[in-house]
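Chemist: Can you read through this structure? Questions will come right after.
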Amino acid sequence: MNFNILTIFPEMFPGTLSGGVVGRALENKIWSFNAINIRDFAADNYGSVDDSQFGGGAGQVMLPDVLGSAIDSIPHKKRGKIVYFSPRGVVWNQSLAREFVKNSSDFTLICGRYEGIDERIIEEYDIMEISIGDYILSGGEIAAQVFIDSLVRLMDNVVHGGLETTVNESFEIGGLEWPLYTRPSVWRGRNVPEVLLSGHHGNIERWRKQKSDEITKERRPELLKKQGK
Ligand code: SAH
């Protein structure tokens, strides 16, 4: 999997992606990235990438000619799916992540800054807008790292335990995860639920399912409704 990342802050990559399982996968060349500095495509000597908005109002907009040249610098074959991170986009979730990992291996990610990018870029290229949640970030770089992390960990040989680990997580199990415990079995007078120490796999599975349903019902009831529960 390769990610072409268009940003005015290429030094922000790999950033958080250099640690843990995703960082190891980067070292092992399971995935790669190519951070492209949009500023390198500025048309003037000042390296301008933005200008004020037509119609007035506070805040700058990223210039279409500069961003367009930056996108065009990536050969067609290597562009893959083009994504612009934006609060207006489809809200990213685990089932979209599964779908993307299955269907695509090349991505071009546009990280906005200022108020965002000129709308004509979105019309000119086949771009999917993706949001990572209902709040405003100051730039798309963190969104790009969220996106990449969520995809790479679904690739084969990245997460220890593979498919079994990733399918047992929140959202994958049709709700939120059950409570987790490790050693010691008593900590500050608090016991690990007896059933988990019993070695009875059927009972453990039933307990986990029940806890997962309770927690999901309490915190995110809409996830159960989605499944018709
Ligand atoms: N004016 C825009 C917000 C701009 S924030 C609006 O009101 O919708 C600057 C940049 O940060 C955006 O271009 C986008 O790339 C990124 N960004 C901000 N919030 C985001 C979110 N929730 N999800 C994905 N990207 C986001």
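Chemist: Given +1 on the Cβ of Lys and Arg, -1 on the Cβ of Asp and Glu, and no further charges, what dipole in debye does region 78-211 carry about its Cα centre, rounded to the nearest 20? It would help to have the intermediate numbers written out before the result.
Modeler: On the way: 16 positive and 19 negative charges, 159 e Å.
For region 78-211, the charge dipole is close to 760 debye.
Chemist: With +1 assigned to the C-beta of every Lys and Arg and -1 to the C-beta of every Asp and Glu, and no other charges, what is the dipole magnitude of the chain about the Cα centre in debye, to the nearest 20?
Modeler: With only Lys, Arg, Asp and Glu charged at Cβ, the dipole is about 1360 debye.
Chemist: Further, regarding this structure: Mind jotting down the three principal axis lengths of region 169-226 based on Cα atoms? Whole angstrom, largest first.
Modeler: 37, 26, 15
Chemist: In which sequence would THR216, THR16 go, from the one with the fewest C-beta neighbours within 10 Å to the one with the most?
Modeler: THR16, THR216
Chemist: Among LEU180, SER138, PHE13, whose Cα projects farthest towards the positive end of the dipole of the chain, with charges put on the beta-carbon of Lys, Arg (+1) and Asp, Glu (-1)?
Modeler: Sorting the options by dipole projection puts first LEU180.
Chemist: Farthest toward the dipole's positive end in the chain, which of VAL49, VAL192, SER104, given Cβ charges of +1 (Lys, Arg) and -1 (Asp, Glu) about the Cα centre?
Modeler: Going by the Cα projections, it comes out as VAL192.
Chemist: Now, a different point. Residues of region 85-121 with backbone nitrogen within less than 16 Å of a virtual label 7 Å along the Cα-to-Cβ line of GLU129, please, listed as ranges.
Modeler: Correct set: 85-92, 110-121.
Chemist: Report the calculated FRET efficiency for LYS77 and ARG220 (r = Cβ-Cβ distance, R0 = 41 Å), to the nearest 0.05.
Modeler: The computed FRET efficiency comes out at 0.50.
Chemist: Additional query: Restricting to DSSP H runs of at least four residues, report the calculated mean residue ellipticity at 222 nm for the chain, -39500 (n - 2.57) per run over all residues, nearest 500 deg cm²/dmol.
Modeler: Calculated from helices alone, the mean residue ellipticity at 222 nm is -10000 deg cm²/dmol.
Chemist: Report the charge-dipole magnitude of region 169-226 in Debye, nearest 20, computed about the Cα centre from +1 at each Lys and Arg Cβ and -1 at each Asp and Glu Cβ.
Modeler: 160 debye
Chemist: Quick check of the Kirkwood formula: for the chain, what is the inverse mean of 1/r over all pairs of different Cα atoms, in Å?
Modeler: Mean inverse Cα-Cα distance, inverted, gives 20.2 Å.
Chemist: Let me ask something additional. Can you tell me the length gained on complete extension of the stretch GLU119 to SER198, counting 0.36 nm per residue apart and subtracting the Cα distance?
Modeler: 22.5 nm
Chemist: Go through SER95, LEU63, TYR84 and say which Cα lies farthest out towards the positive end of the charge dipole of region 39-125; charges sit on Cβ, +1 for Lys and Arg, -1 for Asp and Glu.
Modeler: The Cα lying farthest towards the positive end belongs to SER95.
Chemist: Determine the distance separating the Cα centre of region 113-169 from the Cα centre of region 17-36; give it in Å without decimals.
Modeler: Using only Cα atoms to place each centre, the spacing works out to 15 Å.
Chemist: Excluding residues on the same chain fewer than 8 positions from LYS217, give the lysines whose Cα lies under 22 Å from its Cα.
Modeler: LYS209, LYS225, LYS226, LYS229
Chemist: Given points 7 Å out from each Cα along the Cα-Cβ axis, report the LYS211 to ARG183 separation in nanometres with one decimal.
Modeler: 1.9 nm
Values in this text are rule-based calculations from the coordinates and carry no lab data. It should be emphasised that the depicted structure is a prediction, and the values quoted were computed from it without experimental measurement. FYI the Cβ positions are ideal-geometry reconstructions off the backbone, even for glycines, and counts take in every protein chain you see.
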